[in-house]
1. How much of the accessible area of the stretch 144-205, in percent, comes from carbon and sulfur atoms when a 1.4 Å probe is used?
2. Which value, in Å² and to the nearest 10, is the accessible area of V58 when all protein chains are kept and the probe is 1.4 Å?
3. Using mean Cβ contacts within 10 Å as the protection proxy, how do 454-463, 197-206 order, highest first?
4. With a 1.4 Å probe and all protein chains left in place, how much accessible area per residue does the stretch 337-487 have, in Å²?
5. Distance from the Cα centre of the stretch 142-204 to that of the stretch 219-274, in angstrom?
6. Rounded if a/c is under 1.5, else prolate if a/b beats b/c, else oblate: with a ≥ b ≥ c from the C-alpha gyration tensor eigenvalues square-rooted, which is the stretch 80-133?
7. Evaluate the relative contact order of the stretch 185-341 (contact order divided by residue number), counting alpha-carbon pairs under 8 angstrom at least 6 apart; express in whole percent.
8. Leaving out ligands and nucleic acids, and using a 1.4 Å probe, what accessible area per residue does the stretch 225-283 come to in Å²?
Amino acid sequence: MAKLLKPWYAAFVNRFLAVVAVASIVAAALRRAWPAFSMDDVVGSLGAARPVHVLMAVILAAGVAKLRRLRRPRDVYLVEYGCFRPRPCFRAPFATCLEHVHLLPYLVDDESVSFAIRLLERSGLGDETCLPYSYHYMPPDRSLEAAREEAELVIFSAVDEVFARASVRPEEIDVLIVNCSIFTPTPVFADMVVNRYGLRADVQCLNLSGMGCGAGLVSIGLAKNLLQVAPPGTRVLTVSTEILSSQYYVGSERAMLLPNCLFRMGAAATILSNSPERARFRLGRLVRTMTAARDADYRCIFQEEDGEGILGVRLSKDLTTTAGHALKRNIAAFGPLVLPVSEQLLVAMSLLKRKFMSGRRARVRLYRPDFRKAFEHFCIHAGGRAVIDEVQRGLGLSDEDVEASRMTLHRFGNTSSSLVLYELAYIEAKARMRAGDRVWMISFGAGFECSCVALECVKPPADAGGPWADCIDRYPVQLPEVAKDNI
């Protein structure tokens, strides 16, 4: 019965409660000001008004409305995005990874080899994920030259794609933001893009590093802040990637072997503007939450040397718990900005109930808001199979809601900061996006930090191929069940 009544409750609260409240307040104010108030008096007053007074009232109302629009931050739009699509020659199927595990000289004991194999089996990655050329060598090529070659390949491919899809010329770009967490050469990647595409001499460039997988949405948030105060028609190009070649860990510590197994090559580029011309999405609310004040969160993703002095990135065993904690804090700020009134009211009622019934024997359970009332699509950073499971359980999402995340992890692996755009491309490639649909993007990054961005579709894609063009018909695939014991 409760499930049948809930849609009626939501419709009443969201559509009628505000109208009834405003009407009641206005009526009460008018009756108090004019006890003998009637509609006949209003009609008579309007008829007796001089035309010049009516004109002045209209001009004043239009001026107030114009000032309100000017003071409101400008809307920001995602004009287009493009993702790097690796060629088949970069594929790293499970059999190849298994062979390399047995041949790696630093995994000298059977226990370390068995651990690496279990990581690959339970990672949720398929046989079509791709690694740079440097990883196909034995031992892997960790040189600066190999890293530069990988960077040029993935970054230029993504930028070429977004320019072609958006029909935007390089000289039309006003701001450039590039993020790559660990590998930051000199000159930086922003300079590399300016040199390749001949961007204008007055282009504003920013290069972000050290933010991990969450840097993609951080770049979009930074672009949004700049565009809200920039002249109309300003365009921002963002590029998100992670370069793997120079970061391959050649030690044997388990917590530092995880990145070798989970991360794959990838990059994504976006063009944003404060003009709605040719826009695909409108950016909504954006909230970023930092939990670095907690020591455990700060060291959850940590670059350091192991006991033998070998540099790598250590992933904490509490990563999923830390991600869940950061997401809860983020939702506390993000939820009230995006949830309908009906869901917010249910949350408030459960909080009051817990407060006044805290002394009872049974602890009152807080109501978990249904975010499917606010969004049609979800792009959850697929940092790993366990991260997707934790977010799905915490938000009460269905398997269909997290399908884009699981399938992207299976096809492309964890491409770091660009991953949520591969997930958006999956939804569009499956022809599920409609004008007016709302998308929730969630990313996690080192620090620890969680970012949430809301998008509203303005125009579905004319050509939804993108990085999924050659394989979308095979998805979704059935993923094998994985035992839930610790690896």
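The values are calculated or read from the model by the stated rules, or taken from the named source; none is laboratory data. Model, not experiment: these values are computed from the prediction. Note that we place each Cβ from the backbone using ideal geometry, even for glycine, and neighbour counts take in every protein chain shown. Accessible surface is based on the protein model in full, side chains and every heavy atom, while ligands, DNA and RNA are left aside. Shrake-Rupley method; radii C 1.70, N 1.55, O 1.52, S 1.80 Å.
1. Numbers: 1290 of 2750 Å².
Solvent-exposed carbon and sulfur of the stretch 144-205 make up 47 percent of the total.
2. Surface open to solvent at V58 totals about 90 Å².
3. Working: 454-463: 15.7, 197-206: 13.6.
Final packing ranking: 454-463, 197-206.
4. Numbers: 6960 Å² over 151 residues.
Heavy-atom SASA per residue in the stretch 337-487 reads 46 Å².
5. 12
6. Working: a/c = 2.95, a/b = 2.16, b/c = 1.37.
Prolate, because a/c is 1.5 or more and a/b exceeds b/c.
7. On the way: 139 pairs, mean separation 31.3, N = 157.
Relative contact order comes out at 20 percent.
8. Values: 1690 Å² over 59 residues.
Roughly 29 Å² per residue, with all protein chains present.
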